[in-house]
Amino acid sequence: MTAPTASSPPPPASPKPKAGEPTSSNASSPPARAPASGGGGRALHPSPHFSGARWWAWGNITHRFPPSRSQRLKEFLRHELGVPSLGAGGPGADLETLSIPPGRLDAAEVQAIRALLPTGAASDEREERLLHSFGRSYVDVVIARRGHLHQLTDLVVHPASLQEVEDILRYAHTHDLAVVPWGGGTSVVGGVDPERGGHRGVLTLSLQRLMDPLGLDEMSRLARFQCGIPGPDLEKYLNDRKFTLGHFPQSFEFSTLGGWIATRSSGQASSRYGEVAERLRGATVVTPVGTYRWERGVTESSGPDPSLLFPGSEGTLGIFVEATLAVDPLPARRSYRLAIFPDWESGIDAARDLSQEAPHPAVLRIADAQETLLTLEGRPPAETTGERVRARIETGYLGLRKLEEGSMCLAVIGYEGTEREVRHGDERRREVLRAHGGTDIGSKAGDLWLKERFLLPYLRDDLLEDGWLVETLETGAAWSEIKGLASQVHDALQSTARRGKFPILTAAHLSHTSSTGTGLYFTIIAPQDPQDPVGQWLSLKEAATETLLRAGGVLSHHHGVGKMHRPWVGGYRKSLAGLTLHAAKTSFDPLGILNPGKTLPEPRVDPASSRPKGGAAGR
């Protein structure tokens with residue numbers, strides 16, 4: 001069977017199972033690229049977006065935040081927090097001098113696993129294990145930079161077909177090995193940490209060879225992909241055919257479709273396009289007990305829908321291998337403009353007004369006063385005479401409007417769609433700015449935000465090298481609760497810093513707005529505790545999380561649960577919901593081999609009764 005053409009519809013599984021029915025891998029599956037003759041298959045990192053990846057920091061070695069702007073921010077932080085100098089955090093551990101613990105699997109077992117895959121598709125090399133053992137949170141980066149390598153994956157496997165994923169899970173289920181799914185490795189909540197969970201060893205299953213587009217049904221606006229495809233490759237395929245998914249998380253350059261679905265990701269333009277799970281119309285998910293497929297171009301009323309359990313399960317119930325998504329035509333026009341509001345309260349009120357009456361912005365972000373100062377300090381300098389003149393005029397105009405540093409708040413308001421939609425959006429933006437004392441500062445600044453929106457994680461690592469703690473946390477709440485929630489979290493972070501006797505800067509912005517509520521995103525910066533940088537952050541994280549849950553916030557709006565938020569899941573998911581999720585885990589992963597220590601409670605099942613006897617799991 002060959003992959004469909006660009007204009008043909010996504011292929012159904014054949015024979016088609018009943019909705020949501022686990023199927024045997026003997027059934028004919030949707031097409032995947034076969035390994036090349038001789039077993040070579042795809043290169044281990046087939047997309048340019050994976051090449052040059054850094055295991056000790058964000059992104060790849062060819063990118064960094066502009067040094068002159070980073071230096072200006074460092075000077076601002078030292079002045080703002082009264083810190084004359086810091087001990088350098090260091091550039092990261094040297095791969096050649098690291099003491100890397102050996103894997104737990106013996107040579108015979110490694111060879112048995114390699115026999116399931118094409119030549120070169122299973123690796124226990126030093127750098128490959130390092131690259132697939134850390135996410136990209138502050139905690140991950142600090143541990144990696146300091147060379148604390150007590151917890152590494154034992155073997156990295158790169159299947160290139162649905163059959164190979166099934167074979168790996170069947171082997172792991174039979175031989176008591178944990179399996180951690182890996183897309184782009186961009187988790188900031190410990191979601192890809194190689195936890196063993198009491199099993200004999202850990203396999204990291206990378207989807208980076210499963211990145212093909214499988215077809216586009218232009219009439220139905222449905223597109224199907226293998227789930228290892230990274231964001232830029234997915235968008236290029238759709239853009240070339242005049243479509244878009246419209247999903248642009250901060251991790252867009254490196255994260256993958258499977259990771260987005262598994263974490264129920266929200267992109268920066270979710271106010272227009274929704275979160276990715278809302279666009280899911282079908283999937284192929286491999287579990288230790290069978291392969292689960294569903295395809296639905298329309299909603300249906302056929303009883304409870306078990307497929308809803310998989311998005312957000314973060315690799316603990318199954319591994320997304322293929323997915324069908326609803327897509328939109330490329331917008332005919334975009335209009336992104338920056339604005340200034342006199343204070344945080346008026347900015348929040350304006351955001352609510354914009355979100356509760358159509359046309360809705362694609363992107364709507366309101367920064368508080370502290371984040372506004374950080375943004376202005378990190379902006380690029382005026383390079384031409386025209387830009388310098390414009391900057392002086394803007395400064396004078398803002399002064400005449402009595403918008404003061406220390407209280408004014410920066411907003412990004414972006415519309416996209418048809419010419420008519422965007423024209424109406426521009427009118428609505430002007431109306432709301434007038435009503436709430438806002439000042440439009442132009443499209444050039446909005447275009448710059450669009451151009452640089454994926455650069456900020458590189459700034460985090462640059463500041464970390466200079467000895468700063470830099471991390472984020474996020475939540476969400478109803479509009480009626482958001483102001484109080486933001487204030488209480490700021491207070492909790494400041495109180496924790498005072499007890500720890502270190503200065504701290506806390507900043508926030510709201511984004512991912514809807515008619516009923518909004519996401520709320522905090523940035524925390526402080527001098528790093530050189531003795532215990534991880535413990536320092538965890539004390540702040542605990543205080544903020546306890547506070548936001550008491551104040552009506554959600555545990556996570558779009559980062560997921562992973563390992564970082566799991567201590568709170570038991571209380572957050574009350575008893576009945578917890579029982580439901582536990583039953584799902586026990587059904588799909590009875591031995592708990594999938595991503596142990598993350599997201600869901602472990603099953604309580606007798607291993608002897610659950611392990612297959614002489615046959616394949618789920619066959």
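The values are calculated or read from the model by the stated rules, or taken from the named source; none is laboratory data. Since the structure is predicted, the reported quantities are computational estimates derived from the model, not experimental observations. With ideal geometry, Cβ positions are generated from the backbone for all residues, glycine too; neighbour counts draw on all protein chains shown. Surface areas here come from the heavy atoms of the whole protein model, side chains and all, with no ligands, DNA or RNA. Shrake-Rupley method; radii C 1.70, N 1.55, O 1.52, S 1.80 Å.
Considering Ala551, Ala543, which residue is in contact with a Leu (Cβ under 7 Å, 6 or more places away or on another chain), surrounded by fewer than 22 Cβ atoms within 10 Å (Cβ to Cβ), farther than 30 Å from Glu75 by Cβ and modelled with pLDDT of 95 or more?
Working: Ala543 fails: farther than 30 Å from Glu75 by Cβ.
Result: Ala551 is the single residue among Ala551, Ala543 that is in contact with a Leu (Cβ under 7 Å, 6 or more places away or on another chain), surrounded by fewer than 22 Cβ atoms within 10 Å (Cβ to Cβ), farther than 30 Å from Glu75 by Cβ and modelled with pLDDT of 95 or more.
Quick check on my filter: what residues within region 232-250 are open to solvent by 20 Å² or more (accessible area, probe 1.4 Å) and either at pLDDT below 95 or in contact with a helix residue (DSSP H, G or I) (Cβ under 8 Å, 6 or more places away or on another chain) (or both)?
Within region 232-250, Phe248, Gln250 meet the criteria.
It is to be established whether one or more residues within region 484-507 are of a type in the set (Ser, Thr, Tyr), in contact with a strand residue (DSSP E or B) (Cβ under 8 Å, 6 or more places away or on another chain) and modelled with pLDDT of 95 or more.
Yes, some residue in region 484-507 is of a type in the set (Ser, Thr, Tyr), in contact with a strand residue (DSSP E or B) (Cβ under 8 Å, 6 or more places away or on another chain) and modelled with pLDDT of 95 or more.
Taking region 344-382, which residues are farther than 30 Å from Lys74 by Cβ and open to solvent by 30 Å² or more (accessible area, probe 1.4 Å)?
Result: Glu345, Asp349, Arg352, Asp353, Gln356, Glu357, Ala358, Pro359, His360.
Residues are listed down the side, and each one gets a yes or a no for (1) modelled with pLDDT of 95 or more; (2) closer than 26 Å to Cys227 by Cβ:
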position: Thr97; (1), (2): no, no
position: Pro101; (1), (2): no, no
position: Leu117; (1), (2): yes, yes
position: Ala122; (1), (2): yes, yes
position: Arg129; (1), (2): no, yes
position: His158; (1), (2): yes, yes
position: Arg170; (1), (2): yes, yes
position: His175; (1), (2): yes, yes
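Mind listing just one residue for me: the one in region 345-367 that is among the charged types (D, E, K, R) and over 17 Å from Ser443 (Cα atoms) and, of those, modelled with the lowest pLDDT?
Glu357
Looking at (1) surrounded by fewer than 16 Cβ atoms within 10 Å (Cβ to Cβ); (2) in contact (Cβ under 8 Å) with a residue 40 or more places away in the chain; (3) part of a loop (DSSP other than H, G, I, E, B), which is the one condition that is false for Lys563?
Status for Lys563: all satisfied but (1).
Residues being acidic (Asp, Glu) and assigned to a loop (DSSP other than H, G, I, E, B): count how many of those fall in region 136-177.
Summing the residues that are acidic (Asp, Glu) and assigned to a loop (DSSP other than H, G, I, E, B) in region 136-177 gives 2.
Against the condition assigned to a loop (DSSP other than H, G, I, E, B), modelled with pLDDT of 95 or more, more than 29 Å from Ala362 (Cβ to Cβ) and not aliphatic (A, V, I, L, M), how does Pro596 come out, does it pass?
Yes, satisfied.
Restricting the search to region 135-148, which residues are out of contact with any Pro (no Cβ under 6 Å at 6 or more places or on another chain) and either buried (at least 18 other Cβ atoms within 10 Å of the Cβ) or free of Cβ contacts under 8 Å to residues at least 24 places away in the same chain (or both)?
Result: Gly135, Arg136, Ser137, Tyr138, Val139, Asp140, Val141, Ile143, Ala144, Arg145, His148.
Given (1) at pLDDT below 90; (2) over 30 Å from Ser137 (Cα atoms); (3) surrounded by 15 or more Cβ atoms within 10 Å (Cβ to Cβ), identify the lone condition not met by Glu465.
For Glu465, the failing item is (2).
Which of the residues belonging to region 289-338 are of a type in the set (Asp, Glu), out of contact with any strand residue (DSSP E or B) (no Cβ under 8 Å at 6 or more places or on another chain) and surrounded by fewer than 20 Cβ atoms within 10 Å (Cβ to Cβ)? First the steps, then the outcome.
So the first thing to find is which residues in region 289-338 are of a type in the set (Asp, Glu), and the list is 295, 300, 305, 314, 322, 328.
Checking which are out of contact with any strand residue (DSSP E or B) (no Cβ under 8 Å at 6 or more places or on another chain) leaves us with 300, 305, 314.
Scanning region 289-338 gives Glu300, Asp305.
Scan region 266-280 and tell me whether some residue there is free of Cβ contacts under 8 Å to residues at least 60 places away in the same chain and either surrounded by 24 or more Cβ atoms within 10 Å (Cβ to Cβ) or more than 20 Å from the chain's Cα centre (by Cα) (or both).
Yes, that holds for at least one residue.
Here are some residues: Gly258, Gly231, Gly246. Which one is in contact with a Lys or Arg (Cβ under 7 Å, 6 or more places away or on another chain) and within 27 Å of Gly318 (Cα to Cα)?
Gly246
Criterion first (of a type in the set (Val, Ile, Thr), more than 13 Å from Leu594 (Cβ to Cβ), part of a loop (DSSP other than H, G, I, E, B) and open to solvent by less than 10 Å² (accessible area, probe 1.4 Å)) does Thr186 satisfy it?
On the way: of a type in the set (Val, Ile, Thr): yes; more than 13 Å from Leu594 (Cβ to Cβ): yes; part of a loop (DSSP other than H, G, I, E, B): yes; open to solvent by less than 10 Å² (accessible area, probe 1.4 Å): no.
No: the conditions fail for Thr186.
Looking at Leu576, Leu538, which is the one that is closer than 28 Å to Pro194 by Cα, open to solvent by 30 Å² or more (accessible area, probe 1.4 Å) and not charged (D, E, K, R)?
Being closer than 28 Å to Pro194 by Cα, open to solvent by 30 Å² or more (accessible area, probe 1.4 Å) and not charged (D, E, K, R) holds for just one of Leu576, Leu538, which is Leu538.
Of these, Pro118, Pro194, which one is outside any helix (DSSP H, G or I) and open to solvent by less than 10 Å² (accessible area, probe 1.4 Å)?
Being outside any helix (DSSP H, G or I) and open to solvent by less than 10 Å² (accessible area, probe 1.4 Å) holds for just one of Pro118, Pro194, which is Pro194.
If you scan region 149-173, which residues turn out to be acidic (Asp, Glu) and crowded, with 21+ Cβ neighbours inside 10 Å?
Residues satisfying the conditions are Asp154, Glu164, Glu166.
Matching residues to (1) open to solvent by less than 20 Å² (accessible area, probe 1.4 Å); (2) under 24 Å from Ala326 (Cβ atoms):
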{"site": "His175", "(1), (2)": "no, no"}
{"site": "Ala178", "(1), (2)": "yes, no"}
{"site": "Gly190", "(1), (2)": "yes, no"}
{"site": "Leu210", "(1), (2)": "yes, yes"}
{"site": "Pro213", "(1), (2)": "no, yes"}
{"site": "Asp217", "(1), (2)": "no, yes"}
{"site": "Gln226", "(1), (2)": "yes, yes"}
{"site": "Ile229", "(1), (2)": "yes, yes"}
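State all residues of region 392-439 that are open to solvent by 60 Å² or more (accessible area, probe 1.4 Å) and modelled with pLDDT of 95 or more; if no residue qualifies, say none.
Once the filter is applied, which keeps residues that are open to solvent by 60 Å² or more (accessible area, probe 1.4 Å) and modelled with pLDDT of 95 or more, region 392-439 yields Thr418, Glu419, Arg420, Glu421, Arg423, His424, Glu427, Arg430, Glu431, Arg434, Ala435.
Would you say His199 is in contact (Cβ under 8 Å) with a residue 12 or more places away in the chain, of a type outside the set (S, T, N, Q) and open to solvent by less than 10 Å² (accessible area, probe 1.4 Å)?
no
Considering only region 400-468, give the helices (runs of 4 or more DSSP H) lying wholly within it that have at least 3 residues that are acidic (Asp, Glu) and out of contact with any Gly (no Cβ under 6 Å at 6 or more places or on another chain).
In region 400-468, 419-435 are the helices (runs of 4 or more DSSP H) which contain 3 or more residues that are acidic (Asp, Glu) and out of contact with any Gly (no Cβ under 6 Å at 6 or more places or on another chain).
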